[in-house]
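Engineer: First the structure, which I've put down as structure tokens, then a few questions once you've had a look.
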Amino acid sequence: MTFKTVAIISALDEEAAHIADSLDDVTAVDGASLNVLRGTVKAHSGRTVDVAVTVGGMGLVNAAATTQYLIDLVHPDAVIFSGIAGSLNPELHINDIVLGGTLRYLDTDMRLVGQWKPGTEEFHSDPALIEMAEDAMDEMGIKHIVGTIASGNYFVDGEEKVAEVINTTHADAVEMEGAAVVHVAARNDVPALVIRAMSDNADTDYEEFKDFDVSEYADTAARLAVNILERM
Ligand SMILES: C[C@H]1O[C@@H](n2cnc3c(N)ncnc32)[C@H](O)[C@@H]1O
């Protein structure tokens, strides 16, 4: 598989900043409430990879709309989501990475929703993209797992919510976009990868979350995304 064009999506400005800064020959396109930056990254092979990066906002609908818009706009060979998530796995520490081997929705009856294409009840990041990400993280010395990510339309904090998410999804990390991105990518037959750096242990309440600085973790995920582009 040659990755000539790659679309990268984040939910927050901090999650996209480093990726946008790594692009050369940048142009901007506005549409569908998005500001899309297009540019190139020089790969180790000497080739250039065309990249489109945008911030789509938080939540499943924003993520789905953004993914479809980027696919229609740039016809990418891969879609990568780069961002932060709450850890549900005690083996993981803040700033470790979970790759979305499996992605499941919270609060969605997939027996019904999953009847439409691609006709599955859960979603998966592309194995070739996962392998590139693992090589990149070995090189960068980042602790990581390929695990299960749960995606829902609410911030998960506190023991009760955490227990419910773990019981229903068996997830290692929880966030608000990943499953929607991979779901929409699968409808379009585009390989996708979800990268999440752990920003919290799902114990931080929403008021605190607004105050605490997520830039460091957002940047870890973004540096990984750029390293993957350089391997393409
Ligand atoms: C709040 C933003 O950060 C991510 N995020 C980080 N931590 C959590 C958590 N504990 N629960 C839900 N989403 C989280 C979401 O994906 C959203 O974009």
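Each value in this text was obtained by applying a stated rule to the coordinates, not by laboratory testing. Keep in mind that this is a model prediction, so the values were computed, not measured. Cβ coordinates were reconstructed from backbone atoms using ideal geometry, including for glycine residues, and neighbour counts include every protein chain displayed.
Engineer: Compute, for segment 1-116, the length of the dipole vector about the Cα centre, with Cβ point charges of +1 (Lys, Arg) and -1 (Asp, Glu) only. Units Debye, rounded to 20.
Structural biologist: Its charge dipole is roughly 360 debye.
Engineer: Assign unit charges at the C-beta atoms only (+1 for Lys and Arg, -1 for Asp and Glu), then state the dipole size of the chain relative to its Cα centre in Debye, rounded to the nearest 20.
Structural biologist: 1040 debye
Engineer: For segment 114-165, what are Rg and Dmax over the alpha carbons, in angstrom?
Structural biologist: 15.4, 41
Engineer: Something else about it: Taking Cα atoms, how many degrees apart are the long axis of helix 215-230 and the longest axis of the chain, rounded to 10 and kept between 0 and 90?
Structural biologist: Around 40 degrees separate the two axes.
Engineer: So which GluC sites (Glu not before Pro) in segment 14-117 pass both tests, a DSSP loop state and at most 13 other Cβ atoms within 10 Å of the Cβ?
Structural biologist: Filter output for segment 14-117: E91.
Engineer: Angle between the Cα long axis of helix 159-169 and the longest principal axis of the chain, 0 to 90 degrees, nearest 10?
Structural biologist: Orientation of helix 159-169: about 70 degrees from the principal axis.
Engineer: Counting only the backbone N, which residues of segment 25-49 are under 12 Å from the spot 7 Å out from the Cα of D135 toward its beta-carbon?
Structural biologist: Residues 44-45 fall inside that zone.
Engineer: I need the calculated FRET efficiency for the pair E164 and K210, taking r as the beta carbon distance and R₀ as 25 Å, to the nearest 0.05.
Structural biologist: So the FRET efficiency works out to roughly 0.60.
Engineer: Same structure again: State, to one decimal in nm, how far the label point of N35 lies from the label point of E122, with both points 7 Å from Cα in the Cβ direction.
Structural biologist: Label-label distance for N35 and E122, simple model: 3.8 nm.
Engineer: Now for a different question. Work out how much length Y154 to V113 would gain on full extension: take 0.36 nm times their residue separation and subtract the Cα-Cα distance, in nm to one decimal.
Structural biologist: 12.9 nm
Engineer: A further question on this structure: Of A28, F155, V174, whose Cα points farthest to the positive end of the dipole of the chain (charges on the beta-carbon: +1 Lys, Arg; -1 Asp, Glu; origin at the Cα centre)?
Structural biologist: Highest projection toward the positive end goes to A28.
Engineer: So, one more: How far is helix 178-187 tilted, in degrees, relative to the longest principal axis of the Cα atoms in the chain, given as a value from 0 to 90 rounded to the nearest 10?
Structural biologist: Approximately 60 degrees, to the nearest ten.
Engineer: Which peptide among 111-122, 162-173 comes first, and what is the full order, when sorted by highest mean count of other Cβ atoms within 10 Å?
Structural biologist: Descending mean neighbour count gives 162-173, 111-122.
Engineer: For segment 5-230, just run the numbers: alpha carbon Rg, then divide by 2.2 N^0.38 Å, N being how many residues it has.
Structural biologist: Relative to the rule-of-thumb radius for its length, segment 5-230 sits at 0.94.
Engineer: Expressed as cubic angstrom per residue, what is the convex hull volume of the alpha carbon set of segment 142-232?
Structural biologist: 115 Å³
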